[in-house]
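One structure is given below, encoded as structure tokens.
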Amino acid sequence: MLFKVQGIVLKAINFNDWDKILTIYTKQHGKIQAIAKGVRRPKSKNISATQVFSLSEFILYKGKNLYNLNQSETIKSYYPLRDNLEKLSYASYILELTNAGLIEEETNIKIFELLLKTLDIIVEEEKYDQITRAFELKFISYLGYRPHLINCVNCHKDLENNIRFSLINSGALCNECKSIDRYSKKLDIQTLNIMKFLLFTPYEEILNIDINKNILKNIGEIMLSFISKNLDKTNFKSLNFINSLNI
């Protein structure tokens with residue numbers, strides 16, 4: 001039986017001579033795998049809609065192991081991302097992280113809307129690293145792994161000086177509790193406040209301020225460790241590429 005979904009292509013792998021296997025994050029059914037037969041032929045009507053980053057309407061039917069693509073129509077291509085290496089690099093990391101965190105066929109409207117809004121902003125704005133750090137914090141929280149930043153995760157006292165971030169305890173530790181995790185990472189109060197700001201503040205307000213690059217770098221290192229622990233993924237190729245370019 002045919003059915004229609006709206007989704008964005010997270011990943012595409014060439015298969016056989018003319019086919020592709022697509023990883024699509026759909027609004028209605030979550031992340032799914034679909035085979036697009038003949039889509040690599042030059043005259044295929046589905047070429048545009050099945051490109052990575054394309055937000056499209058797909059008409060599918062369920063096969064034995066994969067969904068099968070019947071028809072597709074592009075809603076938004078996000079083509080401008082391909083004209084700028086920095087935009088493309090950060091947007092690729094956003095897709096890679098999204099793909100890593102999602103369970104197949106589990107819907108999450110908040111994440112779907114967050115993903116589209118993040119890509120829209122990367123297309124239009126230039127604060128890629130700032131928006132990416134905000135996405136990491138919001139995304140991991142929507143998955144159910146929100147880091148505890150409001151007060152000490154152990155004793156719930158206010159955080160002032162000598163703060164540490166504990167991966168084991170998934171949050172910040174005060175000076176009195178830092179000894180419970182000897183592997184915790186140093187976290188200054190300014191970085192902590194920026195993390196809270198990025199987590200709880202809408203993108204529109206985040207874009208109105210300029211955050212120090214060193215603070216963003218520190219947050220990025222903390223979040224990579226936190227994400228790796230919770231998603232059991234330690235290597236993000238697109239993030240490695242960003243770091244190799246020093247952007």
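A short reminder: the numbers here are calculations on the coordinates, not readings from a lab. Fair warning: this is a prediction, and the values are worked out from it, not measured in the lab. Methodologically, a virtual Cβ is constructed for each residue, glycine included, from the backbone with ideal geometry; neighbour enumeration extends over all protein chains shown.
Numbers at a glance
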| item | result |
| --- | --- |
| Once the Cα gyration tensor of segment 135-199 is diagonalised, semi-axes √(5λ) in Å | 19, 13, 10 |
| Debye-sum result for segment 124-247 in log10 I(q)/I(0), which assumes one identical scatterer on each alpha carbon, at q = 0.11, 0.14, 0.16, 0.20 Å⁻¹ | -0.37, -0.60, -0.79, -1.20 |
| For the chain, average projected area of the Cα convex hull in nm² | 14.5 nm² |
| Cα long-axis angle, helix 213-231 against the chain (0 to 90 degrees, to the nearest 10) | 70 degrees |
| Once the Cα gyration tensor of segment 86-163 is diagonalised, semi-axes √(5λ) in Å | 27, 18, 10 |
| Where trypsin sites (Lys or Arg not before Pro) fall in DSSP loop in segment 163-192, at most 13 other Cβ within 10 Å | Arg182 |
| Centre separation in Å (Cα based) which lies between segment 72-132 and segment 34-71 | 19 Å |
| For the chain, size of Cβ-based charge dipole, Lys and Arg +1, Asp and Glu -1, in debye | 780 debye |
| Mean separation of Cα contacts under 8 Å, 6 or more apart, over the residue count of segment 1-89: relative contact order % | 27 percent |
| Ranked Leu114, Leu119, criterion: other C-beta atoms within 10 Å, fewest first | Leu114, Leu119 |
| D (Stokes-Einstein, µm²/s), Kirkwood Cα radius, segment 3-77, 0.692 mPa s at 37 °C | 279 µm²/s |
| Charge dipole magnitude, Cβ of K and R +1, D and E -1 - segment 1-144, Cα centre, debye nearest 20 | 580 debye |
| Check: segment 102-245 dipole with +1 on Lys, Arg Cβ and -1 on Asp, Glu Cβ, in debye | 660 debye |
| Using alpha-carbon coordinates, inclination of helix 189-200 to the longest axis of the chain, degrees | 30 degrees |
